[in-house]
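> Dropping the structure in here first, questions after.
The values are calculated or read from the model by the stated rules, or taken from the named source; none is laboratory data. In this text, all values refer to a predicted model and were calculated from it rather than measured experimentally. When we count neighbours, we look across all protein chains shown, and the Cβ atoms used for this are built from the backbone with ideal geometry, even at glycine. What goes into the accessible areas is simple: the full protein's heavy atoms, side chains included, and nothing from ligands, DNA or RNA. Shrake-Rupley method; radii C 1.70, N 1.55, O 1.52, S 1.80 Å.
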Amino acid sequence: MIARRAITAFSLFFALLLLGSPFQGKADNEKVLIVPIEETVEKGLYAFLNRAVQTAEEENASAIIFEINTPGGAVDAAGQIGRLLTSTNVKTISFVNKQALSAGAYIALNTDEIYMVPGSTMGSAAIIDQQGNTAGKKAESYWFAAMQSAASQTDRDPVYALAMADESVDMPDLGAPKGKLLTLTAEQAKEVGYSEGTVDSRAELLKVLGFEGAEIQTIDESFAEKVARFITHPVVIPILLSIGSLGLVLELYSPGFGIPGFMGLSALLLFFYGHMVAGLAGYETLILFVIGIGLIIAEFFLPGGIAGIAGIAAVLGSLFLAADNPAHMGMSILIAMGVSILASILMIKVFGKKMKFFKKIILTDSTNTEKGYISNKSRIELIGLEGYALTALRPSGTGVIGDERIDVVSEGGFILKGAKIKVVKAEGSRIVVREVSNLDLDK
């Protein structure tokens, strides 16, 4: 009996060891990706996060931890990132390490779990336009619904998400009465169910999640992705387009191809490079731009204006295709055009410059007498000769000078037919005569 019990206990102990071994092996083989979300949220950030999510899926990672510290950014970029995070099967965790405001709060709400460090904040997600004013009703309605939907799909009370975006929601107990947007502290977020916990560090977060023995891989932005994020920033786009147009305009006033032209082309190529890396534009967009520039140049040599119009349309089309926000791109193009027009006025009016390019294709030589050009045969040899009026001169008519009939014009008034005349001036084909009186004949 005792032996049987001993065997049973030993068997149970051995079974527990067998069951425990695979579990331990699984924990050791777990992989967690840590992805930073910093600075302004813009379209370039999506390309980086998309690469991170794809890496997690390909390597069968157990979770992705997004370490968030951002003041917010573009609503359309945040919406695209939110769809990316909710579409993956990998567990997503937001680690708010300082602040997740505006678009950052929306991104955090689209993850499965949220953890915050002490003193961190999340919220204040009002939608504003490029001038810093509150956006229109239509845009606000979309954003309110998006914030509530992001909270609801992760079983969080949507009323707090709405209060983050709509200042008309009254929450005085959380420091957000009417007229003020809700911004949750770490303690408040945990209290209302918007945070699973407050941790002091990344190491503590991994311990709380049970990943202290997992393989940790940090995904950092590549140089190309950093450039793309900078270039696709809403403030940088009009600056790049203005530099590009300004450089090309100044090049028209300079001999040969120099620094202004190189500067302009570099700015435009950077614009397209950044948007291509961010996934906003393809090679077809760049090709359309090059075709447009070629058609504009061809317009200087072809009549009709069709090539120029098609070229301008192609260039504008390529710029709009490269950006998914037509309103912002339209404003950027208007700013660039304004800078170009102002530069042209300054070059012409202030510096007295002329476009060197047009000198090669526009005829500027004049056929004047000083340069040896003669449009009509001069009859200077007739000056001083006399004859008579073959017809009445009123004041033009026909006269006979020597044996030659010549179209003449009187110096002043009317001259009768048959009257004696004298040539007093010859200006090309214009022969001016004066009536010779009897007094003159006596002389």
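> Per residue of the stretch 62-68, in order, report the coupling 6.51 cos²θ - 1.76 cosθ + 1.60 (Karplus, θ = phi - 60°) as ³J(HN,Hα) in whole Hz, putting x for Gly and Pro.
With the stated coefficients, the stretch 62-68 comes to 6, 6, 10, 9, 9, 8, 9 Hz.
> What residues qualify as long-range amide H neighbours of residue 415, i.e. H under 5 Å apart, gap of 5 or more or another chain, H built at 1.01 Å from N?
Distant-sequence amide H within range of residue 415: 393.
> Please tell me which of these pairs span more than 32 angstrom C-alpha to C-alpha: 31/98; 137/226; 178/207?
137/226; 178/207, as the Cα separations exceed 32 Å there.
> Another question about this same structure. What FRET efficiency do you get for residue 266 and residue 404 if R0 is 51 Å and r is their Cβ-Cβ distance, rounded to the nearest 0.05?
0.10
> Then there's this: Would you mind checking which residues have amide H under 5 Å from residue 101's amide H? H placed 1.01 Å from N; only 5 or more apart, or other chain.
Under 5 Å from the amide H of residue 101 lie the amide H atoms of 70, 72, 123, each far enough along the sequence or on another chain.
> OK, next. Enumerate the amide H contacts of residue 390 below 5 Å, restricted to partners 5 or more residues apart or on another chain; note that Pro and chain-start residues carry no placed amide H.
Amide H neighbours of residue 390, under 5 Å, 5+ apart: 398, 399, 400, 418.
> Per residue, how much accessible area does the stretch 102-211 have with a 1.4 Å probe, in Å²?
46
> Taking R0 as 22 Å, what FRET efficiency do you get between residue 394 and residue 425 from their Cβ-Cβ distance, rounded to the nearest 0.05?
0.75
> Using θ = phi - 60° and the Karplus relation 6.51 cos²θ - 1.76 cosθ + 1.60, list the HN-Hα couplings for the stretch 281-294 in order, rounded to whole Hz, with x at every Gly or Pro.
Going residue by residue, I get 9, x, 5, 5, 5, 5, 4, 4, 5, 4, 4, x, 4, x Hz, with x marking Gly and Pro.
> May I ask you to evaluate 6.51 cos²θ - 1.76 cosθ + 1.60, the Karplus curve with θ = phi - 60°, for each residue of the stretch 306-317 and list the ³J(HN,Hα) values in order in whole Hz, giving x for glycine and proline?
My calculation for the stretch 306-317 gives 5, 4, x, 5, 5, x, 5, 4, 5, 5, 4, x Hz in order.
> Would you work out which of 147, 81, 185 lies farthest towards the positive end of the dipole of the stretch 31-221, given +1 charges on the beta-carbon of Lys and Arg and -1 on that of Asp and Glu, about the Cα centre?
Selected residue: 147.
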